[in-house]
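For reference, the structure is listed below as structure tokens.
The values are calculated or read from the model by the stated rules, or taken from the named source; none is laboratory data. The shown structure was predicted, so the numbers you read here are calculated from the model rather than taken from an experiment. Cβ placement follows ideal geometry from the backbone for every residue including glycine, while neighbour counts extend to all protein chains displayed.
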């Protein structure tokens with residue numbers, strides 16, 4: 001399968017995944033207003049995949065007596081080799097606090113800063129351009145990078161937002177293979 005066809009399929013699948021996640025909100029009337037900081041490591045046997053630590057950050061609180069509810073994010077990064085041209089890693093959002101959606105993805109290193117919005121990632125999923133990509137249906141997502149970035153150490157950062165404008169950030173240090 002050619003790279004553009006593969007990217008289109010991956011983009012389409014990820015959009016479907018994101019769309020299906022939006023319909024899974026509960027209607028119990030309760031809403032969480034504060035996020036708790038939880039640097040908790042989650043191990044998962046994924047056959048070569050790297051289970052990533054869970055990091056969430058709390059927005060500033062108003063010192064209310066209301067108890068914080070834990071908001072955990074689980075993202076799995078898969079750096080196994082794939083039968084395609086170029087260099088990439090895949091990622092999958094496995095767990096996300098209710099009401100939050102992916103807003104931005106970043107690669108941050110001493111050599112490079114790459115920031116893509118979800119819309120840009122969907123475009124990359126269709127055209128195969130370097131950077132973060134999301135397949136058209138949302139099933140596949142990842143990061144394409146040139147040979148010059150191989151071996152680069154850096155941080156993958158995912159920013160999530162809710163309708164009230166609150167943000168949660170997930171970060172993971174990796175070395176590009």
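Tabulated data for the structure shown
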quantity	calculated
Filter result for residue 106 (assigned to a strand (DSSP E or B) and surrounded by fewer than 19 Cβ atoms within 10 Å (Cβ to Cβ))	yes
Single condition residue 118 does not satisfy, out of (1) within 19 Å of residue 173 (Cβ to Cβ); (2) within 16 Å of the chain's Cα centre (by Cα); (3) modelled with pLDDT of 95 or more	(1)
Meets criteria (in contact (Cβ under 8 Å) with a residue 12 or more places away in the chain, part of a strand (DSSP E or B) and at negative phi) for residue 92	yes
Residue within region 133-145 that is assigned to a strand (DSSP E or B), buried (at least 21 other Cβ atoms within 10 Å of the Cβ), touching a helix residue (DSSP H, G or I) at 6+ places or on another chain (Cβ under 6 Å) and free of Cβ contacts under 8 Å to residues at least 60 places away in the same chain present	no
